[in-house]
1. At 0.36 nm per residue, minus the direct Cα-Cα distance, what do residue 50 and residue 193 gain on full extension? Give it in nm, one decimal, please.
2. Which angle between 0 and 90 degrees, to the nearest 10, do you get for helix 201-241 versus the longest principal axis of the chain when only C-alpha atoms count?
3. Give the peptides 14-27, 191-204, 97-110 in descending order of average Cβ contacts within 10 Å, highest first.
4. Points 7 angstrom from Cα along the Cβ direction at residue 9 and residue 90: gap in nanometres?
5. To the nearest 10 degrees, how steeply does helix 7-35 sit against the main Cα axis of the chain, on a 0 to 90 scale?
6. Tell me, what is the FRET efficiency for residue 234 and residue 154 to the nearest 0.05, using R0 = 25 angstrom and their Cβ-Cβ distance as r?
7. By how many degrees, 0 to 90 and rounded to 10, does the Cα axis of helix 125-154 deviate from the longest principal axis of the chain?
8. First measure r as the distance between the Cβ atoms of residue 18 and residue 226, then evaluate 1/(1 + (r/R0)^6) with R0 = 22 Å and state the FRET efficiency to the nearest 0.05.
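Nothing in this text is a laboratory measurement; each read-out follows from the coordinates by a stated rule. Not measured: the values here are computed from a predicted model. A quick note on method: Cβ atoms are made from the backbone with ideal geometry, for glycine too, and the neighbour counts reach across all protein chains shown.
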């Protein structure tokens, strides 16, 4: 595993590591700030979720409440910032902090996840494309490393390039994730506004800050995946020239 002791690897990855660390700090800092700020309507994340689901969610989409969002289950999940929508069982999972806290951050997080439910209900194309990538990415993330290692150790450059190809699926997935997450945040803002849940400028500002901070983590994830891919390309290219 020559690249594990290659200082070039750290030179490649250091900017990505710093960006990811900053993105994670910003999410935590922003969530903590707005998690302590009560929203003007006094709605917990669970209250907001129930209201949005019963209203049909995203007003800009043609989604039937009977066949779409009205069928979304809401369940609890442990941890902090673990909230998510699972399309496989049509369930919105809310952490205890988001579900019970009437904060600006809680309604932003709940609305974002319902944005994903809205995407699922209307068959949003980027979400469907990302879902199609999941099996290949799961395989490629493990097989890619093995093929790259094997190709470099055995001196079989072609095998290493196949590993790079598999590994590149992670960068493709990270790229496909951006429009899905950005659109879910756009839907969240629209849902909250259309349903009268942004009763003050502070609500709007806080929701925007929470959603923008979360979006930055996906940008950092894409940057990290691309930088890592470039490293492996340069590594295999250098081995081939040598």
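1. 49.9 nm
2. Around 10 degrees separate the two axes.
3. Working: 14-27: 14.9, 191-204: 17.8, 97-110: 25.9.
Per-residue Cβ counts within 10 Å, averaged per peptide and sorted highest first, yield 97-110, 191-204, 14-27.
4. With each label placed 7 Å out from Cα toward Cβ, I get 4.6 nm.
5. That helix lies at roughly 10 degrees to the long axis.
6. Details: r = 20 Å, r/R0 = 0.78.
Efficiency, from the Cβ-Cβ distance: 0.80.
7. It works out to around 30 degrees.
8. Details: r = 15 Å, r/R0 = 0.69.
That pair, residue 18 with residue 226, gives E of 0.90.
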